[in-house]
Ligand code: C2G
């Protein structure tokens, strides 16, 4: 079984996230999502609309997501990749190059973001 992993906050889940997750899944047979905890989001200077359990519940309902693990720090990725026997690490290309050090452990793939949507923009439009 070829395992794929990706990480993120996935707040206010939208089709940009879903596009990424579906494409990530297609790179293997099993998709693990490292979901940023509320506490780690603070380190990422992100305030979430939905808390971890709510964001997890939405991700769990996606057919393409097979497993969800908490993302609590930047440094956990190599351990996750080794412990879960992951073959492919995937992120949107807004992270292009930032995780190349993981090539030591597995294939690293950056996929084009869905350009016209972001949680930040969604919040701004909703607040208008
Ligand atoms: N994404 C996308 N298109 C969008 C918005 C997001 O492809 N319009 C992708 C991002 O590139 C990322 C994933 O969806 O790969 C999750 O996005 P975020 O929840 O914003 O994740 P981020 O805050 O970038 O956290 O350790 C990695 C971090 O946890 C990534």
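Some notes on this structure:
- Verdict on residue 122 being within 13 Å of the ligand (Cβ to nearest atom), at pLDDT below 95 and surrounded by 14 or more Cβ atoms within 10 Å (Cβ to Cβ): yes
- Test: residue in region 100-107 that is closer than 18 Å to residue 10 by Cβ and not in a strand (DSSP E or B): no
- Of the numbered criteria (1) part of a helix (DSSP H, G or I); (2) more than 22 Å from residue 120 (Cβ to Cβ); (3) free of Cβ contacts under 8 Å to residues at least 24 places away in the same chain; (4) away from the ligand (no atom under 12 Å from the Cβ), the one residue 81 fails is (3).
- Only residues that are within 15 Å of the ligand (Cβ to nearest atom) and part of a strand (DSSP E or B) were counted across region 84-99, and they come to 6.
- Qualifying positions in region 5-60 - part of a strand (DSSP E or B) and within 12 Å of the ligand (Cβ to nearest atom): 5, 6, 7, 8, 33, 34, 35, 36
- Some residue of region 106-128 being without any contact (Cβ under 8 Å) to a residue 12 or more places away in the chain, under 23 Å from residue 28 (Cβ atoms) and over 15 Å from the mean Cα position of the chain (by Cα): no
- Qualifying residue in region 41-50 (condition: surrounded by 12 or more Cβ atoms within 10 Å (Cβ to Cβ), within 14 Å of residue 6 (Cα to Cα) and more than 14 Å from the chain's Cα centre (by Cα)): no
The values are calculated or read from the model by the stated rules, or taken from the named source; none is laboratory data. Predicted, not measured: the structure shown is a model, and the values here were computed from it. Reconstructed Cβ throughout: ideal geometry from the backbone, glycine too, with neighbour counts over all protein chains shown.
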